[in-house]
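Student: My structure is below; once you've seen it, I'll send some questions.
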Amino acid sequence: MEDHEKGYFTEKDSADVVIGRNKNAKDERLKEVMAVIIRKLHEAVKEIEPTQKEWLDAIMFLTRTGQMCTDWRQEFILLSDTLGVSMLVDAINHRKPDAASESTVLGPFYVEDAPELPLGTNICLDRKGQDMVISGVVRDTSGRPIPNVKLDVWQTNDDGFYDVQQKGLQPDFNLRGVFRTDNTGNYWFRAVKPRFYPIPDDGPVGQLLAKLGRHPYRPAHLHFIISADGFETLTTHIFDPDDPYIDSDAVFGVKKSLLAKFVRVDDSARAQQLDFDNPFWEVKFDFVLAPK
Ligand code: BEZ
Ligand code: FE
């Protein structure tokens, strides 16, 4: 029997020694997952050859990341987001037919109990920023419009904050709402032109981004969770392609198919109909849901 098979540690066989110790695990999936993680982690350590100080620094970084977490701040998810892992897990779990709309990250600012509102409602309760109307059709992969689709939408206000980040400063449910498509699969609502904003960057993840020469900004976007009986629920955004951060989203959420057209409309009669200032912004964006 070789030394590592007895369980004695060697640099060369380090991963096998540790993985072998888990042989009695009852949960096969856990055993498999831990084997992969241990193997890759040992590979990384062998390639990096950290000093003891560097390894302690890494552990202290993870410690601070955990210490930053509260009921409303999840620094580990932010770490996963900024390393592209959230988007990778999302991609693996939402492989869709080519015709279907693509998904992207949920983000930490979703609120479950936003009010259900009639189509056309203006969800911008603080009335700051540039007026914007958003409309489109939700279809199945054969192109048929789907009635009664639920669209749960949320976005930041003109200062780049979600209502839940500024409780007491912004009206509750500012720039949030749930809409349902009409009989022809159409949806529409009024809001405000979104702006780029930083992900929460006052913690260890923000410090890491700065050390890596990265900014913390997400390009302007609107969030959607779109659901209907018989279809896969779609969690996605639409993005402003003219945003300065469109090619460098801090959390890698941008996909080409999610770029919308933000059109500046100069039409005082329409502005008046919409109870908007003139000029205003218009976005038309259709979604396609994959069957369950
Ligand atoms: C967001 O778009 O709300 C978001 C996504 C990931 C991290 C932080 C914010
Ligand atoms: Fe967002």
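The values are calculated or read from the model by the stated rules, or taken from the named source; none is laboratory data. Everything quoted here is computed from the prediction, not taken from an experiment. So basically every Cβ, Gly included, is an ideal-geometry build from the backbone, and we count neighbours across all protein chains shown.
Student: Do we find that Ile226 is away from ligand 2 (no atom under 14 Å from the Cβ), surrounded by 14 or more Cβ atoms within 10 Å (Cβ to Cβ) and in contact (Cβ under 8 Å) with a residue 24 or more places away in the chain in this structure? Working first, answer last.
Tutor: Numbers: away from ligand 2 (no atom under 14 Å from the Cβ): yes; surrounded by 14 or more Cβ atoms within 10 Å (Cβ to Cβ): yes; in contact (Cβ under 8 Å) with a residue 24 or more places away in the chain: yes.
Yes, satisfied.
Results for (1) away from ligand 2 (no atom under 16 Å from the Cβ); (2) modelled with pLDDT of 95 or more, shown as yes or no for each residue.
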{"site": "Asn148", "(1), (2)": "yes, yes"}
{"site": "Thr156", "(1), (2)": "no, yes"}
{"site": "Gly160", "(1), (2)": "no, no"}
{"site": "Val178", "(1), (2)": "yes, yes"}
{"site": "Asn183", "(1), (2)": "yes, yes"}
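Student: A further question follows. Just the residues that are under 25 Å from Lys292 (Cα atoms) and either within 16 Å of ligand 1 (Cβ to nearest atom) or hydrophobic (A, V, I, L, M, F, W, C) (or both), please, taken from region 95-113.
Tutor: Within region 95-113, the subset under 25 Å from Lys292 (Cα atoms) is 95-107, 110-113.
Hits for region 95-113 are Ala99, Ala100, Glu102, Ser103, Thr104, Val105, Leu106, Gly107, Tyr110, Val111, Glu112.
Student: Right, here's the next one. Of all the strands (runs of 3 or more DSSP E) wholly in region 159-275, which have at least 2 residues that are under 16 Å from Gly129 (Cα atoms) and out of contact with any strand residue (DSSP E or B) (no Cβ under 6 Å at 6 or more places or on another chain)? Show your work before the answer.
Tutor: Numbers: elements: 176-180, 186-192, 221-227, 234-239, 262-265.
By residue number, no strands (runs of 3 or more DSSP E) qualify.
Student: Do you know which residues across region 277-286 are touching a residue at least 40 places away in the same chain (Cβ under 8 Å), outside any strand (DSSP E or B) and touching a helix residue (DSSP H, G or I) at 6+ places or on another chain (Cβ under 8 Å)?
Tutor: Step one: list which residues in region 277-286 are touching a residue at least 40 places away in the same chain (Cβ under 8 Å), which gives 277, 280-286.
Still in the list and also outside any strand (DSSP E or B): 277, 285-286.
Answer for region 277-286, where residues must be touching a residue at least 40 places away in the same chain (Cβ under 8 Å), outside any strand (DSSP E or B) and touching a helix residue (DSSP H, G or I) at 6+ places or on another chain (Cβ under 8 Å): just Asp277.
Student: Output the residues belonging to region 243-260 that are farther than 20 Å from Pro216 by Cβ and free of Cβ contacts under 8 Å to residues at least 40 places away in the same chain.
Tutor: Once the filter is applied, which keeps residues that are farther than 20 Å from Pro216 by Cβ and free of Cβ contacts under 8 Å to residues at least 40 places away in the same chain, region 243-260 yields Lys256, Leu259, Ala260.
Student: Got a sec? Which of Asp152, Asp163 is within 16 Å of ligand 1 (Cβ to nearest atom), under 22 Å from the mean Cα position of the chain (by Cα), closer than 21 Å to Met87 by Cα and of a type in the set (Asp, Glu)? Walk me through it before giving the result.
Tutor: On the way: Asp163 fails: closer than 21 Å to Met87 by Cα.
Asp152 is the lone residue from the list that is within 16 Å of ligand 1 (Cβ to nearest atom), under 22 Å from the mean Cα position of the chain (by Cα), closer than 21 Å to Met87 by Cα and of a type in the set (Asp, Glu).
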